[in-house]
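Q: Can you keep this structure in mind? I'll have questions shortly.
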Amino acid sequence: IVRIGRAGDDYTYYLPSDYGCGADVTSIVGTPAGVFAATKPGPGYELGLKTKVFKDGIAVFSRREGQKYSYKWTYYSRSDRRKLTDDVTTAEVPTREIKTPGGICFWNGSAWRGIFKRGGLPDNSVTALAADASFLYAGTAGGIAALDLKTLKVVKTIPQAVSPFALAAGESGLWVAT
């Protein structure tokens, strides 16, 4: 997830798996309570040992070839996409597979928090999000959950509406694209 400042010159990169959520982000919605990201469980991949994203490219931290305790940062500008692809293919830049749980990642302005099935979601595979003044609606592989925006607790589930790919909260109710 990349947060771009209002002036367009400030970029902050967040990897949901660093905060206990899934690496596959399916939807993002902003509310007065904060920003919510829907994620799906499964494998994710990270470049190198660490990655930093900048406005004009990324930097990847990895071990120097053939040197046990020597590391380096390699910067790839946006125009270096082919070089990055080649370096990943030849293992110059290693990738790591990580297992991720899915769920909802919530940013309250200062910290990330995960919301999962154990906290009341019908399923950790979250496919869509929508919000109105009082509720966050999460479409999952197990149905739809309505979360109170003040407490972030699930207050209602609709198990019949499985895996919607889009939600919209309107004056007349919740709209669900299946």
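Q: Principal axes first, then extents: for the Cα atoms of segment 1-103, list largest minus smallest coordinate on each axis, whole Å, largest first.
A: 50, 34, 24
Q: At 222 nm, what helix-only mean residue ellipticity would the chain give, in deg cm²/dmol to the nearest 500, using -39500 (n - 2.57) for each DSSP H run of four or more? Kindly include the intermediate steps, with their values, before the conclusion.
A: Working: 1 runs with 9 residues, N = 178.
Helices in the chain give a 222 nm mean residue ellipticity of -1500 deg cm²/dmol.
Q: Per residue, how much accessible area does segment 96-167 have with a 1.4 Å probe, in Å²?
A: Details: 3490 Å² over 72 residues.
Per-residue value: 48 Å².
Q: May I pose another question? Work out the length of the dipole vector of the chain about its Cα centre, built from +1 on the beta-carbon of each Lys and Arg and -1 on the beta-carbon of each Asp and Glu, and round it to the nearest 20 debye. Working shown, then result.
A: Details: 22 positive and 16 negative charges, 97 e Å.
For this selection, approximately 460 debye.
Q: Another question, if that's okay. Could you calculate, for segment 76-164, the ratio of the Cα radius of gyration to the Kirkwood radius, expressed as Rg to Rh?
A: Numbers: Rg = 18.2 Å, Rh = 15.3 Å.
Here the Rg-to-Rh quotient is 1.18.
Q: Two decimals, Cα atoms only, Kirkwood Rh: what is Rg/Rh over segment 40-82?
A: Expressed as Rg/Rh, it is 1.06.
Q: Calculate the FRET efficiency for VAL53 and ARG118 from the Cβ-Cβ distance with a Förster distance of 22 Å, rounded to the nearest 0.05. Please report the intermediate quantities before stating the final value.
A: Values: r = 31 Å, r/R0 = 1.39.
Calculated value: 0.10.
Q: Here's something else I'd like to know. For the chain, what are the per-bin percents of Cα-Cα distances with bins 5 Å wide, up to the bin holding the maximum?
A: Distribution as computed: 1, 8, 15, 17, 16, 13, 11, 8, 6, 3, 1, 0, 0 percent.
Q: Of the heavy-atom accessible surface of the chain (probe 1.4 angstrom), what whole percent is carbon and sulfur?
A: For the chain, the apolar C and S fraction of the accessible surface comes to 52 percent.
Q: Hey, if you put +1 on the Cβ of every Lys and Arg and -1 on every Asp and Glu Cβ in the chain, which of VAL155, ALA37, SER62 ends up farthest toward the positive end of that dipole?
A: Farthest towards the positive pole: SER62.
The values are calculated or read from the model by the stated rules, or taken from the named source; none is laboratory data. Just so you know, these numbers come straight off a predicted model, no measurement behind them. Methodologically, a virtual Cβ is constructed for each residue, glycine included, from the backbone with ideal geometry; neighbour enumeration extends over all protein chains shown. Surface areas here come from the heavy atoms of the whole protein model, side chains and all, with no ligands, DNA or RNA. Shrake-Rupley method; radii C 1.70, N 1.55, O 1.52, S 1.80 Å.
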